[in-house]
């Protein structure tokens, strides 16, 4: 699997897993599997205590299967070593196996009643949660346990990290990695030119003029990632208008794309297109090639993306680039959410099957992953934040992008939001057509709005599609 394919798989599943966390009844189950236990796990055989909260037997075997994508799998082996270093667990044997075909390899084991004790259910070939949700342990007890440093795990985590792993009211998937969305830039280039990241869209337009005077563009896009500009627009509009905007989109309301907060962002982008602030030809350019025009060639000075962008472009980023993220601009200087508000959510979901031989071992391995030592190791080696807050040092292990992500999360505090409608309903393919046309200057704001609303209305009016009910 290539690094690019692995990153795409990881991002594809992240989007899908966040979307799947809707508060709606779940569909089919695997017929031969049982319901989850009430918590605590089965198959441990040990005595529960403060240092052994799940009852892991002192001499037992744990079987973990981990998606071997953009993050690899050795970080789980590192956590497994931490388990066996704990007092009383030196006789525990933990097997950590990589997989790039999670569904193909593990569905037969679910059906046969022999699933692993811990699964990283990630990648493009993950098992649908509508299929396995009722066969997974609830994980509330993991968050209620103390970590290896003696602190209650739930007190060490970012807010709302249970949300993307909660299905039909039950927390069954621990999403381990935090993904932060924003606008990315070269801090060194900005310092060299005396620029600052735009706080409002008026600021962005002014910055576009300054960039043009230097022979540079403000933005760039690639055909497969044109909807990154939709993500940026929606994030900005939600910050401007708050839950009113988010709920209108989530619930597929008529004329939701005509809300003034969205229209104001669209108009700002249209002005940028007309003033030629976008690198031309994006609709015919592969997305990583387009991104390299920003990260390596510095033809463009801003790019909207998630925190995966540094790892994705690490082989095509100019030396000394100092990749840094900032929150999306808002329309006004007094938005409903603070300017520091962010779209951020946890991804990379881990589950503990109820019928596994040692679900206590699966939960103990999760507890190890949430320890300060193991979570720090992940961020240091993967240059991405976990759901455990406060572990990235000031130098970000040498990553300016990681430093900026942790600063953004800290500044946002509780003003963090997420939404599911695009991925849950599979809108992106159709929306790409509309956005490529708009960014190319072939469609105006009215055409963009009509196209997006048409996609939304088609789903809203289709009685065969199970709808999200978001409040």
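The values are calculated or read from the model by the stated rules, or taken from the named source; none is laboratory data. Keep in mind that this is a model prediction, so the values were computed, not measured. All Cβ positions, even for glycine, are placed from backbone atoms using ideal geometry, and neighbour counts span all protein chains on display.
Anything in segment 389-408 that is crowded, with 20+ Cβ neighbours inside 10 Å and in contact with a strand residue (DSSP E or B) (Cβ under 6 Å, 6 or more places away or on another chain)? List them, or say none.
Once the filter is applied, which keeps residues that are crowded, with 20+ Cβ neighbours inside 10 Å and in contact with a strand residue (DSSP E or B) (Cβ under 6 Å, 6 or more places away or on another chain), segment 389-408 yields 401, 404, 405, 408.
Of all residues in segment 299-327 being touching a residue at least 12 places away in the same chain (Cβ under 8 Å) and over 26 Å from the mean Cα position of the chain (by Cα), which is nearest to residue 228 (Cα to Cα)?
299
Looking at this structure, is residue 98 within 17 Å of residue 126 (Cα to Cα) and in a strand (DSSP E or B)?
Numbers: within 17 Å of residue 126 (Cα to Cα): yes; in a strand (DSSP E or B): yes.
Considered against the rule, which asks whether it is within 17 Å of residue 126 (Cα to Cα) and in a strand (DSSP E or B), residue 98 comes out as yes.
Determine if segment 84-94 includes at least one residue that is assigned to a helix (DSSP H, G or I), farther than 13 Å from residue 367 by Cα and free of Cβ contacts under 8 Å to residues at least 60 places away in the same chain. Show your work before the answer.
Just the residues of segment 84-94 that are assigned to a helix (DSSP H, G or I), to begin with: 84.
Still in the running and farther than 13 Å from residue 367 by Cα: none.
No, segment 84-94 contains no residue that is assigned to a helix (DSSP H, G or I), farther than 13 Å from residue 367 by Cα and free of Cβ contacts under 8 Å to residues at least 60 places away in the same chain.
Being out of contact with any strand residue (DSSP E or B) (no Cβ under 7 Å at 6 or more places or on another chain), in a helix (DSSP H, G or I) and surrounded by fewer than 22 Cβ atoms within 10 Å (Cβ to Cβ), is that true of even one residue in segment 289-300?
yes
Hey, can you tell me all the residues within segment 259-279 that are over 27 Å from the mean Cα position of the chain (by Cα) and over 26 Å from residue 291 (Cβ atoms)?
Result: 260, single match.
Only one of 336, 380, 407 is modelled with pLDDT under 95 and either assigned by TED's automatic domain parsing to the domain that holds residue 60 or part of a loop (DSSP other than H, G, I, E, B) (or both); which?
On the way: 336 fails: modelled with pLDDT under 95; 407 fails: either assigned by TED's automatic domain parsing to the domain that holds residue 60 or part of a loop (DSSP other than H, G, I, E, B) (or both).
That would be 380, the only listed residue that is modelled with pLDDT under 95 and either assigned by TED's automatic domain parsing to the domain that holds residue 60 or part of a loop (DSSP other than H, G, I, E, B) (or both).
Residue-by-condition table, conditions (1) at pLDDT 95 or above; (2) under 30 Å from residue 420 (Cα atoms):
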residue	(1), (2)
150	yes, no
179	no, yes
195	yes, no
205	yes, yes
216	yes, no
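Criterion first (in contact with a helix residue (DSSP H, G or I) (Cβ under 7 Å, 6 or more places away or on another chain) and either modelled with pLDDT of 95 or more or not assigned by TED's automatic domain parsing to the domain that holds residue 123 (or both)) does residue 356 satisfy it? Before you say what the answer is, go through the steps one by one.
Details: in contact with a helix residue (DSSP H, G or I) (Cβ under 7 Å, 6 or more places away or on another chain): yes; either modelled with pLDDT of 95 or more or not assigned by TED's automatic domain parsing to the domain that holds residue 123 (or both): yes.
Yes.
The conditions are (1) touching a residue at least 12 places away in the same chain (Cβ under 8 Å); (2) surrounded by fewer than 18 Cβ atoms within 10 Å (Cβ to Cβ); (3) farther than 23 Å from residue 343 by Cα; (4) in the same structural domain as residue 235 (by TED's automatic domain parsing), and residue 451 fails exactly one of them. Which is it?
All conditions are met except number (2).
Which condition from (1) more than 17 Å from residue 118 (Cα to Cα); (2) assigned to a strand (DSSP E or B) is the one that residue 66 breaks?
The failed condition is (1).
Give segment 232-256 a look and list any residue that's within 21 Å of residue 200 (Cβ to Cβ) and either buried (at least 19 other Cβ atoms within 10 Å of the Cβ) or modelled with pLDDT under 95 (or both), or say none.
232, 233, 234, 235, 236, 237, 238, 239, 240, 241, 245, 246
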